[in-house]
Amino acid sequence: MNNSVVNTGRLLGAGLRALLVLTLLTGVVYPLAVTGVAQALFTNKANGSEIKADGKVVGSSLIGQQGYSLDYFQPRPANGLGVNSVNTQYRLILSGATNRSADNPELIKWVREAKAQVVKDNSTADYKVEPAQVPADAVTSSGSGLDPNISPQYADIQVHRVAEKNGLPVAEVRKLVDEHTEGRTLGFIGEPRVNVLELNIALRELTKGS
């Protein structure tokens, strides 16, 4: 009987020691090591790919923003975004897609209205946007609704409007777009893209100096 109690005590002690050691290793040492390596080698990515302007963090290069005035380049639509209705203590935006099929009447209506708006917004006194010029990303949202990028084609049809609104030469604004156009990753993955937030920050700096 005494041996059973002693053995049980030893097993409990060994289990407790293993718990403490594993908790220390996996709950403290490992997270600190991974965090240290990430901060040392990939500081920007580890901190959320932050974008700064005037010394302040204004967003992330991975998350698109809405609400720009027509003085700036416009992002993709975000019809799939929703608002948190459960925990109303916080104003949270929920990412998501529209979940409408390609032949859904509501989606077709959205696309037609969006195309007409893009044509209207980006046509100027000396530049007329044709409906055929409007790319798909100008009238459809991404799967998350938070795509930070637009296609070079969508950026290009906005150049004249942005130049007119800000009193800048068209060539100068187009050069800005070219400078912020990224090619395919590794030369073959994905499509060329323009980060809207980074482009608009550069545009603001340009208007300050003009």
Long-range amide H partners of THR181 with built H, under 5 Å: none
Structure-based [θ]222 nm, the chain - -39500 (n - 2.57) summed over DSSP H runs of at least 4, per residue, nearest 500: -14500 deg cm²/dmol
Length-normalised contact order of the chain in % [C-alpha pairs under 8 Å, at least 6 apart]: 19
Neighbour count of at most 14 Cβ within 10 Å plus DSSP loop: longest trypsin sites (Lys or Arg not before Pro)-free window in the chain: 1-90
Residue among PRO169, VAL129, THR207 farthest towards the positive dipole end of the chain, charges placed on Cβ: THR207
Placed amide H near SER60: partners under 5 Å, 5+ positions off or other chain: ILE51
Among VAL134, VAL159, VAL29, residue whose mean-square fluctuation peaks in a GNM of the chain (springs only between Cα atoms under 10 Å): VAL29
Whole-Hz ³J(HN,Hα) from phi, Karplus 6.51 cos²θ - 1.76 cosθ + 1.60, for the range 148-154, glycine and proline x: x, 10, 10, 6, x, 5, 5
The chain: angle of helix 30-41 to the longest principal axis, Cα-based, in degrees nearest 10: 30
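FYI, it's all coordinate maths here, none of it is from the lab. Fair warning: this is a prediction, and the values are worked out from it, not measured in the lab. Cβ sites come from the backbone with ideal geometry, for glycine too, and all protein chains shown count toward neighbours.
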